[in-house]
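Here's the structure we're looking at; comments come further down.
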Amino acid sequence: MLAANIRLLRKWAKRVGLTSDPLCVPFPVDHGFEELDENGQICPAGRFDFDDPPDDLAA
């Protein structure tokens, strides 16, 4: 219930332009993250294309 109230408070504050209260400050945009290869380029990987836990634990 608390999360719903905060969500409603944030929506209301954004709508009326009142973001001075710390609870009403908009969240930053979540851009997620990308896996990079050894050259710093983005690795095109599938949704669950990773090795967790790794096969070689001694590495």
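The values are calculated or read from the model by the stated rules, or taken from the named source; none is laboratory data. The structure displayed is predicted, hence computed values, not measured ones. When we count neighbours, we look across all protein chains shown, and the Cβ atoms used for this are built from the backbone with ideal geometry, even at glycine.
Data overview
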| quantity | calculated |
| --- | --- |
| Members of segment 42-57 found to be loosely packed, with under 10 Cβ neighbours inside 10 Å and modelled with pLDDT of 70 or more, listed by number | I42, P44 |
| Pairs where the first residue, in segment 18-37, is exposed (fewer than 10 other Cβ atoms within 10 Å of the Cβ) and the second is polar (S, T, N, Q), C-beta under 9 Å, 6+ apart | P26/T19 |
| Selection from segment 3-17 of residues that are loosely packed, with under 10 Cβ neighbours inside 10 Å and either at pLDDT below 80 or among the β-branched types (V, I, T) (or both) | V16 |
